[in-house]
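Values in this text are rule-based calculations from the coordinates and carry no lab data. Keep in mind that this is a model prediction, so the values were computed, not measured. Glycine gets a Cβ as well: all are built from the backbone with ideal geometry, and neighbour counts include every protein chain shown.
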């Protein structure tokens, strides 16, 4: 007769292999679902630029861009969904620079982001949940060169703001 402990060990031995095989299948399904959401037109442009990317769970293109002369990097997301305004079709490029510990941004952070938005030639700062994002909006049918400029602008602005708000030039969270 099995004791409680022996029964538990037997159950773990019997069901552990099932769980080991279930996780990769679920992970493969999630990746397939994300790829199905991704706009293939973006992949064509990123491939023309020889950019390495991943497709995240939302179907957006996630890039890690080198910035500056040092070894800093910056996350950039090229969004798959296309927004419309009248006849205009717009694609967004996002790059995070700040995350709040919860709730609204502190006043000085909000004010600095507003001031910085006024100084920008391309893009603006937005609050998305707990993150401050540099968002550059371009024509959804833009060519590879225009996309490259938007990605570069988003990455450079976000990295600069990340360093400023962190108060530490070596900080590189995003």
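First check a/c for region 59-106, with a ≥ b ≥ c the square roots of the eigenvalues of its C-alpha gyration tensor; if it is under 1.5, answer rounded, and if not, answer prolate when a/b is larger than b/c or oblate otherwise. Oblate is the answer for region 59-106, as a/c is 1.5 or above yet b/c matches or exceeds a/b.
Label point of residue 156 set 7 angstrom out along Cα-Cβ; within region 76-90, amide nitrogens under 18 Å from it belong to 76-77. For region 39-174, the Cα gyration tensor yields ellipsoid semi-axes of 24, 18, 14 Å (square root of five times each eigenvalue, largest first, whole Å).
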